[in-house]
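Heads up: the structure comes next, in structure tokens.
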Amino acid sequence: MNELKGTGVAMITPFNTDGSVNYSHLEKLTEHLVSGGVDYLVVMGTTGESVTLTKQEKKDVLKCILDTNAGRIPVVLGIGGNDTAVVCEELKNLSTDGITAILSVSPAYNKPNQDGIYAHYKAVSEASPLPIILYNVPGRTGSNMTAATTLRLARDFDNIVAIKEASGSLDQCTAILKDRPDGFLVISGDDTLSLSIIASGGDGVISVVANAFPAEYSELITASMNSDFETARKRQYQLFDLINLLFAEGNPAGVKCVLNFLGICEENVRLPLVQVSETLRSKLKEQLAQL
């Protein structure tokens with residue numbers, strides 16, 4: 001799955017002031033990312049506020065992105081949830097045209113143990129018509145998928161091809177990298193840790209910050225993967241303070257604020273999320289001016 005190496009971007013969903021999806025801004029964002037040099041797009045992830053989109057909106061958003069992308073780079077679709085049967089049913093009925101792989105998050109809220117997480121992904125693997133990227137993000141799900149469980153899934157199911165690791169633990173990432181089967185990809189889910197994970201043998205990132213800075217962040221990732229750590233560190237240090245500010249009041253409110261400054265889309269989010277505070281907005285504007 002070489003097409004999943006490098007810089008993937010977890011796309012935001014632009015909204016109008018009334019909360020409706022702004023498809024013209026979605027087209028503009030897609031073109032911004034593709035022309036900015038990212039390696040693939042990730043649609044309907046957490047950053048896309050997918051849990052607040054209706055079924056029809058999800059179909060329309062995906063179609064808009066696929067049409068605008070026009071096959072230029074791969075597209076990964078997020079399909080996950082805390083009801084295994086519902087996730088599997090969605091996968092079985094999925095039209096796979098234009099989609100390279102599925103990103104499926106570990107179940108949230110239920111807090112399954114490791115056997116439960118394994119059984120969930122076993123069912124997802126059997127239902128999916130496409131390769132699967134596991135997604136471990138304990139800060140959102142309330143449970144951590146351990147390195148042992150990730151490795152067990154990677155060995156047992158041929159169509160489980162990668163993990164987006166957002167545990168924030170380099171130890172956990174290193175444990176997966178150390179014992180992963182051949183061809184299994186380890187993808188960073190944390191923008192500030194991407195360089196470190198790639199230096200340890202990781203395969204890239206699914207990024208939030210690349211929504212706003214696709215060219216600059218892709219340069220960081222490409223340099224890291226080419227072992228040009230002098231260039232990678234330079235970009236990392238340039239972006240480091242801004243990246244931390246982007247997440248200071250939650251995601252995707254921070255990156256939407258910056259995208260608004262850049263003229264890509266408005267910064268509207270859907271409840272229960274709210275826009276960033278005026279204090280953070282001023283800090284983001286100052287950082288952007290410095291860049």
key: Helix-derived mean residue ellipticity, 222 nm - over the chain, DSSP H n ≥ 4, -39500 (n - 2.57), to 500   = -14000 deg cm²/dmol
message = For LYS58, give me every one of the lysines with a C-alpha distance below 27 angstrom, ignoring sequence neighbours fewer than eight places off in its own chain.
response = LYS5, LYS28, LYS92, LYS111, LYS122, LYS164, LYS256
task = Could you work out how far the C-alpha centroid of the stretch 200-265 sits from that of the stretch 155-195, in angstrom?
result = 19
query = Put +1 on the Cβ of every Lys and Arg and -1 on every Asp and Glu Cβ in the stretch 2-226; which of VAL209, THR96, VAL124 then has its Cα farthest towards the positive end of the dipole?
reply = VAL124
request  = Between ALA148 and GLU27, with labels modelled 7 Å along Cα→Cβ, what's the label distance in nm to one decimal, could you check?
outcome  = 5.3
request  = Could you point to the residue in ALA154, VAL9, SER218 farthest towards the positive end of the chain's charge dipole, with +1 and -1 charges on the Cβ of Lys/Arg and Asp/Glu respectively?
outcome  = ALA154
Dipole magnitude of the stretch 2-226, debye to nearest 20 (Cβ charges: Lys/Arg +1, Asp/Glu -1, about Cα centre) = 300
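Which is the longest run of the chain containing none of the trypsin sites (Lys or Arg not before Pro) found in DSSP loop states (not H, G, I, E, B) with at most 16 other C-beta atoms within 10 Å?
Answer from the scan: 73-269.
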remark   = In debye to the nearest 20, the charge dipole size for the stretch 152-235, taken about the Cα centre with +1 at each Lys and Arg Cβ and -1 at each Asp and Glu Cβ, equals 80
ask   = Rounded, prolate or oblate: which one fits the stretch 86-176, using the alpha carbon gyration tensor with axes a ≥ b ≥ c (rounded when a/c is under 1.5, else prolate when a/b beats b/c, else oblate)?
value = prolate
note = Fewest-first ordering of SER106, SER277, SER143 by Cβ atoms within 10 Å yields SER277, SER143, SER106
remark   = In terms of the charge dipole of the stretch 2-226, which places +1 on Lys and Arg and -1 on Asp and Glu at the beta carbon, the residue among GLY142, SER200, SER35 farthest towards the positive end is GLY142
note = Taking every other residue with Cβ under 14 Å from the Cβ of THR279 and scoring Lys and Arg +1, Asp and Glu -1, one gets 0
task = Kindly provide the chymotrypsin sites (Phe, Trp or Tyr not before Pro) of the stretch 103-187 that DSSP labels as loop, not H, G, I, E or B, and whose Cβ sees at most 12 other Cβ atoms within 10 Å.
result = TYR109
query = Contour minus end-to-end for ASP182 and THR96, with contour as 0.36 nm per residue of separation and end-to-end as the Cα-Cα distance?
reply = 28.4 nm
Exposure proxy order (Cβ contacts within 10 Å, fewest to most) of ILE163, ILE65 = ILE65, ILE163
ask   = Does the stretch 201-284 classify as rounded, prolate or oblate by the C-alpha gyration tensor (a ≥ b ≥ c root eigenvalues; a/c under 1.5 gives rounded; else a/b over b/c gives prolate, otherwise oblate)?
value = prolate
inquiry  = Under the rule a/c < 1.5 gives rounded, and otherwise a/b versus b/c splits prolate from oblate, where does the stretch 186-228 land using the Cα gyration tensor?
reply    = oblate
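Taken together, the values in this text are just the output of simple stated rules run on the coordinates, not laboratory data. Every value quoted in this text rests on a predicted model; they were computed, and no experiment measured them. Please note: Cβ atoms are built from the backbone with ideal geometry, for glycine as well, and neighbour counts cover all protein chains shown.
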